[in-house]
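Data first, discussion second: the structure below is written as structure tokens.
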Amino acid sequence: MNWRRLRTLIRREILATFRDPFTMTILVTVPLAALLVFGFVLSTEVKGLRLGVVDAARSSASRRLIAELGAKGTFVPQPFNTRAALEAALVAGNISAAIVIPPDFDRDLRAAGVARERPQVQVIYDGGEATLAGNAEGFLRTLIANTSAAVLADDGVGAGRGIEVVTRALFNPTLDGTPFMVSGTFGFVLSFLTVLITAVSIVTEKITGTFEQLQVTPATSLEILLGKILPMGAVFALDVVLMVLVAGLVLHVWPRGSVVFFVLVSSFYVLVSLGLGLIISATSATAAEAVQKSVLFSIPLVQLSGFAFPIRSMPRFVQWIAEVFPATHYIRVSRAIYMRGEGPITLLPELALLLLFGILLVGYALRTIEARR
Amino acid sequence: MSTPIIRAHGLTRRFGDFTAVDNLSIEVLPGTIFAFLGANGSGKSTTIRMLIGLLRPTAGTIEVDGIDVIKRPRKVRDHIGYMGQKVSLYAGLSLRENVEFYAGLYDLSARQLAQRWGALRERFALGDTENEKAEDLPAGVRQRAGLALSTLHQPRVLFLDEPTAGVDVHNRELFWELIQDEAQAGVTAFVTTHFLEEVDYCDWVCFIDAGRLIANAAPETLRQRHSEGCRIRVVLPVEEQARCAEVLSAVGRPLGCDATSLQVAVAALDPQVLAALDAAAAVCPQAEIHIEQTHMTDVFRRVLAESGAAI
């Protein structure tokens, strides 16, 4: 080992690193951003979840129970008059979980020490989001048990046999995580892979000189853009079909909704995502920079898009950020089709947002590959 | 005098505080080979990118084949052929597939392609390699293929950005012959190069330094202005020298002589000098005539040194 040579090599590498603003930015900001995002978003703590409440008892004990549920900050109770309204809010995603307190809750609670039947509180959640549902259910069980014990102790009654928590999942009653992950994986794979593959395409052509040559031909920017994204889009559409088949045949997870609709929506989303890849490619100087940008993009994709972690349990401002990712909306649509069998009518707002993202991203991609700067 | 096919006036391009091209004005006549010279970073590529509509100038006007390139950059693309510093062949495709790709972009029909490529393939000696992958082609062949592709749609103006970089001497000569053929067929060639000796293949030379034009003339004119001209040496037997000297006196310059040759220095190879040399060759058929011109590198060294002077 020649130490002088080694020192020379190390010095060159350090100089190259410190003189490259992009690498320096990555080195400084990514660890900090990851730390903050992990700290805020990936905490397993259930906090500030909107909890729908139908209080049919309207008694002091039920009011106390609701107050206790809200006091810890874990849940933010939102009253509903009817069970139907509550379930509609749950399906629409306006609330994360719900409890239904029966009319004779007070009487059953106080008789719990002697009666054969325990008082019941029903907990309802969207089983599609299995992780969130599991966490919320656990917290609700603990809080309800603690509150009932406290109420009975204050009344001078023994702890009795406590409150029975009856759970009901609107979808995915077994809280099987596979459909959740499968439908989310489409979002992750289609977002990450499309961006990664296209990110190197234009920059590679720039380096080899073919892109400049292309720009001097009569081909328009739109033709160049479509020439890039359409063949790639077709390949990824085939990928979607393949993934649907493998998920169905191997994992036994089939879409509850229309397969054709799912493939169509996914194919459109691929075009949106390819547009993003082209923007990265057209704004990168080297293939390495394009790959680095793609990887950077994939970090928030995993963390914020709802692919792995429920958006509903994230802080409100992070939820707003999550809405900026097209992947968030696609994953929402994917899960709606896969797990709840929803169709174009109910998904219209999300589809409209995807269309808007498509117009914005492909439009911007078009500008970035426009010849004249 | 014919109308210039390329006209640029007051062309300026700034990148932030840096001025890459500064108030450049040039005119190129149709059917000529125009050399655009300069050191690395002098503004050659920025200029050529503005002329072909890839880069919008900060100021100035550009007209190519009667088209305002700034206002209608797309329109000019049917009229021009371009060969960049990196020969733009798609790796993974054979040469033939690359040709078909570019023919498609220029909307050539199958018949037009067969006709045009048939002629080019033969003229550019590409027949043996057309089925080889682009990445497997030798540098000289790639360069010829690049030129063939840029002329596929029969453009009126060819922009060639350092077309002979990385090519051996033999292939460079071959390449320049092809460019000269194109010029003889009426195509205008705008060529950037840093091989100064290649200027002798060209009809006109521009020299750019730090974005500013510092020379703009025919190669011979530049030689006259910035060198002592040519030195002619006629090697012949001593008994022939008197007869030959009489003929060469028509040049009007003092003659030198030694045991084997006569020597004369002239400002340029003007018609009078050439006529005298023809007469000398006729009178003394065994005479060998050697012309030593000032090397263009020396000419441009002087141009650079005098770059503050009027051009």
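Scoring B:Asp78 on the criteria (1) modelled with pLDDT of 90 or more; (2) over 28 Å from B:Gly166 (Cα atoms) leaves a single failure, condition (1).
Residues of region B:272-279 include none that is over 33 Å from the mean Cα position of the chain (by Cα), surrounded by 15 or more Cβ atoms within 10 Å (Cβ to Cβ) and not basic (Lys, Arg).
Looking only at region A:48-65, which residues are assigned to a helix (DSSP H, G or I) and crowded, with 20+ Cβ neighbours inside 10 Å? Step through it out loud before you land on a result.
The initial filter retains those residues of region A:48-65 that are assigned to a helix (DSSP H, G or I), namely A:60-65.
Within region A:48-65, A:Ala61, A:Ser62, A:Leu65 qualify.
Filtering B:Ala114, B:Ala103, B:Ala145 for residues that are part of a helix (DSSP H, G or I) and buried (at least 22 other Cβ atoms within 10 Å of the Cβ) leaves a single hit, B:Ala145.
Every residue, every condition in (1) in contact with a Leu (Cβ under 9 Å, 6 or more places away or on another chain); (2) of a type in the set (Ser, Thr, Tyr); (3) modelled with pLDDT of 85 or more; (4) surrounded by fewer than 20 Cβ atoms within 10 Å (Cβ to Cβ), yes or no:
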{"residue": "A:Glu212", "(1), (2), (3), (4)": "yes, no, yes, no"}
{"residue": "A:Val240", "(1), (2), (3), (4)": "yes, no, yes, no"}
{"residue": "A:Val246", "(1), (2), (3), (4)": "no, no, yes, yes"}
{"residue": "A:Ser273", "(1), (2), (3), (4)": "yes, yes, yes, no"}
{"residue": "A:Ala288", "(1), (2), (3), (4)": "no, no, yes, yes"}
{"residue": "A:Ser298", "(1), (2), (3), (4)": "yes, yes, no, yes"}
{"residue": "A:Val302", "(1), (2), (3), (4)": "no, no, no, yes"}
{"residue": "A:Gly306", "(1), (2), (3), (4)": "no, no, no, no"}
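Matching residues to (1) hydroxyl-bearing (Ser, Thr, Tyr); (2) within 18 Å of A:Thr167 (Cα to Cα); (3) touching a helix residue (DSSP H, G or I) at 6+ places or on another chain (Cβ under 8 Å); (4) modelled with pLDDT of 85 or more:
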{"position": "A:Asp55", "(1), (2), (3), (4)": "no, yes, yes, yes"}
{"position": "A:Arg58", "(1), (2), (3), (4)": "no, no, no, yes"}
{"position": "A:Glu68", "(1), (2), (3), (4)": "no, no, yes, no"}
{"position": "A:Ala84", "(1), (2), (3), (4)": "no, yes, no, yes"}
{"position": "A:Asn94", "(1), (2), (3), (4)": "no, no, no, no"}
{"position": "A:Gly128", "(1), (2), (3), (4)": "no, yes, yes, no"}
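When B:Gly92, B:Gly104, B:Gly84 are screened for being within 7 Å of chain A (Cβ to nearest Cβ) and modelled with pLDDT under 90, only B:Gly84 passes. Mind listing whichever residues of region B:47-67 are surrounded by fewer than 21 Cβ atoms within 10 Å (Cβ to Cβ) and not hydrophobic (A, V, I, L, M, F, W, C)? Passing the criteria: B:Arg56, B:Thr58, B:Gly60, B:Thr61, B:Glu63, B:Asp65, B:Gly66. With respect to B:Gly186, determine if the residue is assigned by TED's automatic domain parsing to the domain that holds B:Phe36 and at pLDDT 90 or above. In short, yes. Identification of helices (runs of 4 or more DSSP H) wholly contained in region A:282-357 with 3 or more residues that are touching a Ser or Thr at 6+ places or on another chain (Cβ under 8 Å) and farther than 24 Å from A:Thr74 by Cα yields A:287-304, A:326-340.
The values are calculated or read from the model by the stated rules, or taken from the named source; none is laboratory data. Predicted model, so just to flag it, every value in this text is computed and none were measured. Reconstructed Cβ throughout: ideal geometry from the backbone, glycine too, with neighbour counts over all protein chains shown.
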